[in-house]
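The values are calculated or read from the model by the stated rules, or taken from the named source; none is laboratory data. No experiment lies behind these values; they were computed from the predicted model shown. Because the Cβ atoms are built from the backbone with ideal geometry, glycine has one as well, and the counts that use them run over all protein chains shown. These area figures cover heavy atoms from the full protein model, side chains too; ligands, DNA and RNA do not enter into them. Shrake-Rupley method; radii C 1.70, N 1.55, O 1.52, S 1.80 Å.
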Amino acid sequence: AQSVTQPDIHITVSEGASLELRCNYSYGATPYLFWYVQSPGQGLQLLLKYFSGDTLVQGIKGFEAEFKRSQSSFNLRKPSVHWSDAAEYFCAVGARSGGYQKVTFGIGTKLQVIP
Amino acid sequence: GAGVSQSPRYKVAKRGQDVALRCDPISGHVSLFWYQQALGQGPEFLTYFQNEAQLDKSGLPSDRFFAERPEGSVSTLKIQRTQQEDSAVYLCASSGLADYEQYFGPGTRLTVT
């Protein structure tokens, strides 16, 4: 069974600073990897996804993530954080099973942005 | 086009009451998922439908939880005899059959008092 570890529960950064959110996964085959963002009272919005190919993937809102198979990691980065990025971020791993994608989420990292 | 919608957005139930949570997926989406998100946790898979067929219900926590999608579109998650540990946000997601991305609704926050 797949699993996801997000070691940082809370992160605080200053507006304009760079951001890196860590994610490690466990899965026996090539994983499908996702980062989602959740604002208070909202559902999950997909930021980016990795299935194959280039290990550096670009997403929406200026986010990118790098898949490193040797480290079983899929860290999310942004070069300059905006106040509107304050939200909770979830890393997830998907496994194709019986014709559908079964997704396992991490516990989430809550991002606080200070002026 | 319209996204995934869920109703009600908030539900307060007394312990022991039955509740029904509704999900309207994106039109034409074959796959529909339910997740439970407890406070401070990530979403956890409950069940999966492909059209009207419930192909995976391995995440349903007890036999008090029941889901249906009788016509292959709208789905209802029913919880019988609610308990305090059922308090959570219930998220619905849909996708196309060959689509790797799941599109999430805003969720229903259930509080059991």
Considering residues of region A:85-105 that are of a type in the set (Phe, Trp, Tyr) and in contact with a Gly (Cβ under 7 Å, 6 or more places away or on another chain) only, the residue most open to solvent (accessible area, probe 1.4 Å): A:Phe105
Residues of region B:62-82 classified as more than 13 Å from the chain's Cα centre (by Cα) and not hydroxyl-bearing (Ser, Thr, Tyr), total: 7
Criterion: open to solvent by 70 Å² or more (accessible area, probe 1.4 Å), within 25 Å of A:Tyr89 (Cα to Cα), over 14 Å from the mean Cα position of the chain (by Cα) and of a type outside the set (A, V, I, L, M) - qualifying residue of B:Glu52, B:Glu44, B:Glu85: B:Glu85
Answer residue from region B:96-110, given it is surrounded by fewer than 21 Cβ atoms within 10 Å (Cβ to Cβ) and more than 16 Å from A:Thr104 (Cα to Cα) and is farthest from the other protein chains (Cβ to nearest Cβ) among those: B:Gly96
